[in-house]
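Since the structure comes first, as structure tokens, the remarks are kept for the end.
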Amino acid sequence: MNQDWEIRKRSDICTLTQRPFRDGEFFFTALYRDGGGFRREDVSEDAWAGLPPEPRPFSFWRSKFEMPPPPPPEPLAKQDAESILRRLIAENADSTRNARYILALMLERKRLLKPMPSEDPDVLVYEHAQSGETFLIPNPRLSLDQVPEVQREVSALLGEAA
């Protein structure tokens, strides 16, 4: 029997009672034939005991509910990189020109900064996606052999912010 089946994740609540499952609670998952496909129901043990005998599930099993882990922290918090970039722009030191460029690229990749057209190839123009502020970043025209050193510099700056 070849039928399309969407992957359906486990529910966080009992299908019948609408009560949220508690961490460590046992529940039943039942698959029912439903028209040309299947329907998934996640049911608490209490509600399962009161189910009528028909319709019978196509398949069922007992599982233990485990709270999903919190999402992993971003390897680089947007606000940290942004606040460091703001500080470096305010300081405007020639020694941080490369770091400002890399931080701006990182924030562009995170879609916090949007690149805007610039007629001067030596100046990158960015607009902050939320506030609309404009950032002007000098283009240091880094060569590939300079990148590892600048990466270490930016990592050190980000380490200080943590």
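Would you mind stating whether LEU113 is of a type in the set (A, V, I, L, M), crowded, with 16+ Cβ neighbours inside 10 Å and modelled with pLDDT of 90 or more?
yes
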Looking only at strands (runs of 3 or more DSSP E) that lie completely in the range 78-162, which have at least 3 residues being over 26 Å from the mean Cα position of the chain (by Cα)? 123-128, 134-138
Is it the case that the range 10-27 has a residue that's surrounded by 15 or more Cβ atoms within 10 Å (Cβ to Cβ), on the phi < 0 side of the Ramachandran plot, assigned to a strand (DSSP E or B) and modelled with pLDDT of 85 or more? yes
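The values are calculated or read from the model by the stated rules, or taken from the named source; none is laboratory data. Owing to the predicted nature of the structure, the values given are computational and were not obtained by experimental measurement. All Cβ positions, even for glycine, are placed from backbone atoms using ideal geometry, and neighbour counts span all protein chains on display.
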